[in-house]
Amino acid sequence: QKFIIENLEVFEDEYEDEILKFSIIGRPNVGKSSLVNAILNEKRVIVSDEPGTTRDAIDTKFNYNEQEYVVIDTAGMRKRGRIYESIEKYSLLRSLKAIDRSDVCAIVIDASAGIVEHDKHIAGYALDAGKAMVLVVNKWDLVDDKTISEFTKTIRNEFAFISYIPIVFLSALTKKRVTTLMPTILKAYDNYKKEIKTSLLNDVIRDAYYLNPPPGYKG
């Protein structure tokens, strides 16, 4: 018993500030755990066709380009009205906490199922938490009748409230285009932490004012 306890891996819920943490969030069965395994290039987390296999948020440290990062696999986030078990409520709370702990949220949607309303609600969680975001269109290998540009146009219309976030198309199962994800996450994080000088902001507002002066109202 002592040997087992001494050799258990210590679970770390907090990390140094300089380590970038990103969470993989989305509805059940959109391929979040498969994507984590593809990023790590190993079968780190359990993958199943049965929705709800992942019940907790799972943190994994890994190295990319000689830098250390933390990826957080989360439980599929169901609609609040469809949560029937206490364990599902716990899973949702852990997923929401994972969003709070993240610097970047990768919102995964299922290309073969298309965009559903709950995908937007989940993106809203990350938006309300003030996090950098990347939209990940997974299972792209199952879509034959749409080009990336067509699907991008659909996404921009459906996710108009976050029109600025980058979109990545990939397949976690075949690992096609998975290599495009980390550079996009890093770019989103760089933009997220970028500071704009007050003088530059004032210049932009002044130029906008001169281009389109607001109308007068009662003098």
Give the residue from Ile205, Leu170, Ala126 lying farthest towards the positive end of the charge dipole for region 111-219; charges sit on Cβ (+1 for Lys and Arg, -1 for Asp and Glu) and the dipole is referred to the Cα centre. Ile205
Dipole in debye (nearest 20) - region 145-219, about Cα centre, beta carbon charges: Lys, Arg +1; Asp, Glu -1: 180
I need the calculated FRET efficiency for the pair Lys89 and Lys218, taking r as the beta carbon distance and R₀ as 45 Å, to the nearest 0.05. 0.25
Please list, by residue number, everything in region 98-141 whose backbone N is under 20 Å from a paramagnetic label point 7 Å out along Cα→Cβ of Gln67. 101-107, 131-136
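Could you sort out which of Lys146/Lys197; Lys97/Lys193; Lys43/Lys89; Lys32/Lys193; Lys97/Lys187; Lys61/Lys120 sit more than 31 Å apart by Cα distance in this structure?
As for pairs spanning more than 31 Å Cα to Cα, those are Lys146/Lys197.
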Taking the full set of protein chains and a 1.4 angstrom probe, give the accessible area of Glu42 in square angstrom, rounded to the nearest 10. 100
Net charge, Val116 excluded, C-beta distance under 9 Å - Lys, Arg +1, Asp, Glu -1: -1
Can you tell me which of 61-68, 134-141, 153-160 comes out highest on packing, and rank the rest after it, using the mean Cβ neighbours within 10 Å? 134-141, 153-160, 61-68
Subtracting the Cα-Cα distance of Ile19 and Asp144 from 0.36 nm times their residue separation yields 41.2 nm
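The values are calculated or read from the model by the stated rules, or taken from the named source; none is laboratory data. Because the structure is predicted, anything quoted here is derived from the model rather than measured. Every residue, glycine among them, receives a Cβ derived from its backbone with ideal geometry; neighbour counts consider all protein chains shown. Just the protein is used for accessible areas: all its heavy atoms, side chains included, with ligands, DNA and RNA removed. Shrake-Rupley method; radii C 1.70, N 1.55, O 1.52, S 1.80 Å.
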